[in-house]
Every structure is written in structure tokens, then in C-alpha cells.
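The values are calculated or read from the model by the stated rules, or taken from the named source; none is laboratory data. What you are looking at is a predicted structure, and each value in this text was computed from that prediction instead of being measured. Here the Cβ positions follow ideal geometry from the backbone for every residue, glycine too, while neighbour counts run over all protein chains shown.
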Amino acid sequence: MSAPTVHRLSCLGLAAVMGLAASPPATAAATPSTPAAVVASEAWVRLPPPAAGVAAGYVELHNGGAANRLVAASAAGFGQVQIHAMRMDGEVMRMQALPDGLALPAGRITSLRPGSYHLMLMMPKRPLQEGQQVRVRLQFVHGDALPVDFVVRDGMGGQAGQHGAER
């Protein structure tokens, strides 16, 4: 082949590769988005005292799919987020981490609420303010992570040891 022919073929090949790289994959349009099996609602964080190293988060988790499990949570403004439960030990209410997560039965609503299951948002990077939104990423055994916006609100008036007040 002559040099001009090789040059033209190289240019055509480069143009074809660039065109393919610029176009979206064919499967992107063919894959319909499916709704999440778990839907969150009523998400809020109790406003802690200014110097507190923890805050409690509450949410309703509606599982419209098969049995699932909330196994982890994270939030950019906190060093760690844990899944906890409150349990009666005799006449004393105690908080307990759930390292294996929280079961979400199929077709049921699981409530994380004061005095029960909740998220412990630990090691805040700055104090929370009433009305602020905190994005928490919930991770499940099945399905994608679910980003949820929790609203910080005053929960004063709750029973001691419950990490919040009844809504």
C-alpha cells in the first residue's frame, strides 16, 4: 500500500473508534430502570446536643420485593453509621449494635423509630442544625444502595435512653 492510502485508512480507523467511544452503549437504552424494592419514607435525625458525638436516625423502610436485609449505612458527614436496636434487659433498656443487619420481610414495613431499631450516626464532622438534611446511603443484601435524605429535627420530650422522641 502507498503511504497516502495507509494514512487515509488510519484516519478512517481513528474516526470510527472515536465515534464509537462517543456514542452510548447500545444496552443503555434497552435496559429499563426498575423501581427499588425497598422504599424509604419519614426519614429524620434527632437533633443532638451540640457537643454530642452521636445522633440517632429513624426511617420507615417499605419492602415491596422479596425478603431483604439492611446490612450497612454510611453518611459523608459522619465517621461511622451503625444499625442498632433497643432491647429490654430486665427493667433496663439497652442499646445493641446489629452487626448482621436488620431483616426486612417481604411485603412489610420495618420501622426504625425511637425506643426500637435506629441508625447511630457516629463521629459527626460538624454539629447538626435543625432543618438540615443528612444524606444516608443504605446498603441491602439484595439490590443497589439507596440514598435517603434525613431531615434533622428537634426530638425533645422523648423518654430517656430512647435516642429521640415519639413523632
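Side notes on the structure shown:
- The residue list Ala51, Ala97 contains one member that is in contact with a His (Cβ under 7 Å, 6 or more places away or on another chain), exposed (fewer than 12 other Cβ atoms within 10 Å of the Cβ) and farther than 15 Å from Val151 by Cβ, which is Ala97.
- Under the condition of being assigned to a loop (DSSP other than H, G, I, E, B) and closer than 17 Å to Asp154 by Cα, the residues counted in segment 43-70 number 7.
- Residue that is in contact (Cβ under 8 Å) with a residue 24 or more places away in the chain and either over 17 Å from Ala43 (Cβ atoms) or more than 13 Å from the chain's Cα centre (by Cα) (or both), where the choices are Gln80, Gln96, Gln132, Gln139: Gln80
- Verdict on Arg153 being touching an Asp or Glu at 6+ places or on another chain (Cβ under 7 Å), at pLDDT 95 or above and closer than 30 Å to Glu91 by Cα: yes
- Residues in segment 65-95 that are at pLDDT 95 or above and of a type outside the set (A, V, I, L, M, F, W, C): Asn68, Arg69, Ser74, Gly79, Gln80, Gln82, His84.
- Condition check for Val39: in contact with a Phe, Trp or Tyr (Cβ under 9 Å, 6 or more places away or on another chain), surrounded by 11 or more Cβ atoms within 10 Å (Cβ to Cβ) and either modelled with pLDDT of 95 or more or more than 24 Å from Lys125 (Cα to Cα) (or both): no
- Within segment 43-54, residues that are modelled with pLDDT under 90 sit with their Cβ atoms under 7 Å from residues that are surrounded by 13 or more Cβ atoms within 10 Å (Cβ to Cβ), at 6+ positions apart or across chains, in these pairs: Pro50/Pro127.
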